[in-house]
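The values are calculated or read from the model by the stated rules, or taken from the named source; none is laboratory data. From a predicted model like this one, the values you see are computed outputs, not experimental measurements. Cβ placement follows ideal geometry from the backbone for every residue including glycine, while neighbour counts extend to all protein chains displayed.
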Amino acid sequence: MSSTLSPEQAAVVDSLSVVIDGTEQHGAPEPSAGQDVLPVAPDTCEAGPADRPLPTAEAGLPAGERLTRRLAALGVTAICLLICWHVTVRATMEIQEAWSAVYTFVVSTYVVSRFALAALYSPPRDRGIEPRVAIVVPAYNEGEAVVRTIDACLALDYPREKLEVVVVNDGSEDDTWEHMRRAEAAHPEGSVRCIDLGSNQGKRAAMAAGIRATSAEILLFVDSDSEPAPGALRLLVQAFADDRVGAVSGITHVRNATTNALTRMQAARYYVSYQLIKSAESVVGAVSCCPGCFSAYRRKAILPLLAGWEHQFFLGVECTYGDDRALTNRLLKSGWRTLYDSRAEAWTDAPFRYQKFFRQQLRWKKSWCREGPILMSHLWRTRPLAFPSVLVATLAGLASPVVILYNLIVHPALSGLFPLLYVDALAMVAMAYGLLHRSQRRDGNWIWAVLGTFFYVSFSPQLLWALARIRDGSWGTRAAA
Amino acid sequence: MLLRRLSSVARGMLVSLTLFGLMVTFVRETTPDRVPTNPVPTIRLTSQETDRAAAFPPIVGAVPAVVYHDISGRRGGDSVTPEAFAEQLAVLKAAGFAPVGLREVLDLVLGQPVDLPERPILITFDDATSTQYTDARNILRRYGFRAVSFVPTGQLADRTPSYNLTRDQLRQLVDAGWGVGSQTDTGRGMVRTGEETAGPWLTNRELHPDGTLQPVADWQSRLTRDLGRSADVVRGFDRLSPAALAYPVADGAPSNDQQLSALLRQQVKQRYDLAFTSASRGDRAISRYSDRWRLPRLTVTADMTPGALLDALTRMVPQPPTSQLGLWKPRAVGGSCVVDGQSLRLTGSGYVRCQGSINDESWRDYSLQVEVSGGGAGTTAMVGIRDQGDRRLEVAISRAHLVVRERCGGQGWRELGTVSVPWTAEATPHHLRIRVQGGAAVVSLDGRQVSDVSLDPGIDHGAPSFGMAANGTDAVVFSQIQVAPLPRRGSPS
């Protein structure tokens, strides 16, 4: 790309593509802890619902806080306008370099469109419906923790007779099965259903078995270490009042946000990803990933897709990661709409050690690399409105490691020039994230959204490794254990 | 409570200021130059020009350098119109020229192996005029050339409109493949040199109001600062090219202290790898024999047609030693000089000299054979070797003597040997053979070696010349002229 762009232009454009790289692929926390050896990090147990930040309602806030939020939103707007101005100037002044003008225009438009669409977003309306819901929980060597998960699920504020928990034992080698049976006995009949696969068949097989075993209209996927807010399920199902909706994602917060810098950055990242990318995607009815940690799916929609999803092959290897993204992808392909509900909140634990964090990131990047092109291949006809942004996000996202390495290392080394513009644009985008965060929440984490942007960019070349290892299905954490 | 409120206001202001700074930087860095670049003129060469270009011979071991200043329709000065510039580049391209940069030139003058195109050319710009960005860049790109811009770094502009290049424009030129050299920082600034005179400070010591001249040490420290600053700025733009300087003042610019030029050269040597001059007749291409700190460039002017440019380049390119008198284009001074095959006939009275106008840069080690005949009793025939005008080895034959002598610039003549010549009544032709190789010359007359001398190191290259000194009107014929290159002494080839 540098052949058609002057480095200066490339710098701007590429720092914008960081946005793509930074948010799109991380917007989809996958269920991982359900299969992890350590179910819950000990130091996070205390951080319970009591510590939850208040929902983001403007009403009832002190005047000073309201002003701060307005100013932060103003800052985001100013940054977006500046990018628009830059695009206009480039497009009109640099006719000679048509390719770079087009590139700048396309990528910048994508970035600004995320903010603009997110501003238009509103959660699905409350229709007062209460469909039957089954919570499918795959369990592998969970031990006693599985009981806690079952109890938490049944503690949700939802009519008991319309809620059941389907726990699937994926060939655990410990006493998980016994704990499951005990939990079944402790709750009223019909509310807990236990299934034993007999041998370890993988998470997808476990989930598919759970889905087939129930007849509930709506399936709620919750990670074993995810904890939905009591009223979250009631809110989440409202979107299904629309018959065209196949899946809805709630918002997942990081429960152990205060553990260390890493979890703080992840917490800010989750929040911005949901409130920016998922919001924007929801406006056009195509959320590209309804994450397995807290999302609801329509059983009718996924039943026909179940067999193909359970045994998905990619480049000749059976897929073992990215099951939520793959499932959402298939729903979209069948013409269903997928939405995001920012009112339905859940909490989950994020890795607090770098090694585990990077393994998780690698899995996400791999699934993003696999599902991105698949999504592109059908979205142009199933959801034409959402297609352009997915196209830009996928292509620019795939190019981002090269682009970042070139602009931050190769070009400065060759020319001896500090990449001022690149770093500046990056800082501006990081500020936009931070201010977006601050305009909606007051938890002191907004600065971590800024710092986290630089952090995430710094290891974005990991995508190259993900591409190289895309056929490797190992879970990483399990192999290490 | 108040403290908390104050601290939150302070934090808010800090964030706002940071964001403001980021945004201002962004705007500054991305605002494109408001000066639009001009379209490339369309050029169609005539068939004559194309033929002329196609016949341009390959250049071996040399790089002609040209210098432009301003590409515009501005009148006067060194401006070349975009149309003329495009035409000149079109003909250069048709002739098969390809651009080289400072790196290749440095390797060439250092005598290191260098991979040069078949017809290399170094295109340079002086004065950092903004038309290098608005016009020259696109025209050069159209014809596949790149250039080196020598910038007076103190004159680079920060914003447009500006007569000089802005830093941003220069950066864009570098991104487009241009090299950057220095033209000092403020070397063209003027100082008072007399009651009503001024001159560039680079070659003049300032005349203080009390009538005393600026001490040389002051002048020198100013020079050191200037060259250092300029080199730093240039390095900030172009880290890859060797450090090069173009003298911002013309050769022979007025100076009120003759020792300054030597001091200037000394400092330039310390800080730069290469230094360029310019002349309207850049009569030499750059070769391994060139003075690294006084490399010649041809100033291209507006009135130079494509044909004239090719002629000028032909003159710059060194021609290997050859016996073809037609290529020598001999010119006579003080009489006439007629070429007929391998013969040359001088006629006139008094002192007549005939010199070739070939580029003899590479005429170093060669032998010359010639039959000398004619001439009356009081006439002396002269053959010059490695003739650079005021430097040459000369063999003078009269009726009685053969004198071998050398001339080294202003030092006049130095006699190296005298031999008696056997007198013959029929005035049969004398066969003269002179071999020069390295610092030694061997002269043979009629098959007999008569002299073996060492030469002044200044007499290192040049074509032969022919001359005659007669009392009245007379004629001397130099016939069967044969020149053969000799292997370089001390080199394996």
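Assorted remarks:
- Test: residue in the stretch A:396-411 that is of a type in the set (A, V, I, L, M, F, W, C), free of Cβ contacts under 8 Å to residues at least 40 places away in the same chain, within 12 Å of chain B (Cβ to nearest Cβ) and in a helix (DSSP H, G or I): no
- Filter result (charged (D, E, K, R) and farther than 20 Å from A:L332 by Cβ) within the stretch A:218-253: A:D223, A:D225, A:E227, A:R234
- Qualifying residue in the stretch B:145-153 (condition: in contact (Cβ under 8 Å) with a residue 12 or more places away in the chain, of a type outside the set (S, T, Y) and within 14 Å of chain A (Cβ to nearest Cβ)): no
- Residues that are under 18 Å from A:T259 (Cβ atoms), more than 12 Å from chain B (Cβ to nearest Cβ) and part of a helix (DSSP H, G or I), drawn from the stretch A:431-455: A:W448, A:A449, A:L451, A:G452, A:F455
- Scanning the stretch A:344-389 for residues that are over 25 Å from A:D472 (Cα atoms), hydrophobic (A, V, I, L, M, F, W, C) and within 18 Å of the chain's Cα centre (by Cα) gives A:A344, A:A346, A:W347, A:A386.
- Of the helices (runs of 4 or more DSSP H) that lie entirely inside the stretch A:150-236, those containing 2 or more residues that are touching a helix residue (DSSP H, G or I) at 6+ places or on another chain (Cβ under 9 Å) span A:176-186, A:203-213.
- Within the span defined as the stretch A:419-430, every residue fails to be in a helix (DSSP H, G or I), under 23 Å from the mean Cα position of the chain (by Cα) and away from chain B (no Cβ under 11 Å).
- Of the strands (runs of 3 or more DSSP E) contained entirely in the stretch B:387-493, those carrying at least 1 residues that are in contact with a Pro (Cβ under 7 Å, 6 or more places away or on another chain) fall at B:463-485.
- When residues of the stretch B:353-369 are limited to those that are among the hydrophobic types (A, V, I, L, M, F, W, C) and under 24 Å from B:V476 (Cα atoms), the one nearest to the chain's Cα centre (by Cα): B:I358
- For the stretch B:224-242, the set of residues classified as basic (K, R) and within 14 Å of another protein chain (Cβ to nearest Cβ) consists of B:R235, B:R239, listed by residue number.
- Residues of the stretch A:421-456 that are surrounded by fewer than 21 Cβ atoms within 10 Å (Cβ to Cβ), aliphatic (A, V, I, L, M) and closer than 17 Å to A:Y270 by Cβ: A:I447, A:L451.
- Complete set of residues in the stretch A:113-141 that are closer than 29 Å to A:L154 by Cα and of a type in the set (A, V, I, L, M): A:I129, A:V133, A:A134, A:I135, A:V136, A:V137, A:A139
- Which numbered condition B:F150 misses (of (1) closer than 17 Å to B:P242 by Cβ; (2) assigned to a strand (DSSP E or B); (3) touching a helix residue (DSSP H, G or I) at 6+ places or on another chain (Cβ under 7 Å); (4) not polar (S, T, N, Q)): (3)
- Restricting attention to the stretch B:5-24 and to residues that are of a type in the set (V, I, T) and within 9 Å of chain A (Cβ to nearest Cβ), the residue that is farthest from A:M428 (Cα to Cα) turns out to be B:V15.
- Number of residues in the stretch B:72-81 that are surrounded by fewer than 22 Cβ atoms within 10 Å (Cβ to Cβ) and touching a residue at least 40 places away in the same chain (Cβ under 8 Å): the value is 4.
- Yes/no for B:V477 being crowded, with 18+ Cβ neighbours inside 10 Å, in contact with a Leu (Cβ under 8 Å, 6 or more places away or on another chain) and at pLDDT below 90: no
- Residue that is surrounded by 16 or more Cβ atoms within 10 Å (Cβ to Cβ), among the charged types (D, E, K, R) and without any contact (Cβ under 8 Å) to a residue 40 or more places away in the chain, where the choices are A:E189, A:E184, A:E227: A:E184
- Residues located in the stretch B:153-178, provided they are under 27 Å from B:I43 (Cβ atoms) and not in a loop (DSSP other than H, G, I, E, B): B:Q169, B:L170, B:Q172, B:L173, B:V174, B:D175
- Selection from the stretch B:159-212 of residues that are farther than 20 Å from B:D126 by Cα and either crowded, with 17+ Cβ neighbours inside 10 Å or in contact with a helix residue (DSSP H, G or I) (Cβ under 9 Å, 6 or more places away or on another chain) (or both): B:V191, B:T193, B:N204, B:R205, B:E206, B:L207
- Restricting B:F97, B:F85, B:F150 to those that are under 28 Å from B:K269 (Cα atoms) and surrounded by 22 or more Cβ atoms within 10 Å (Cβ to Cβ) reduces the list to B:F150.
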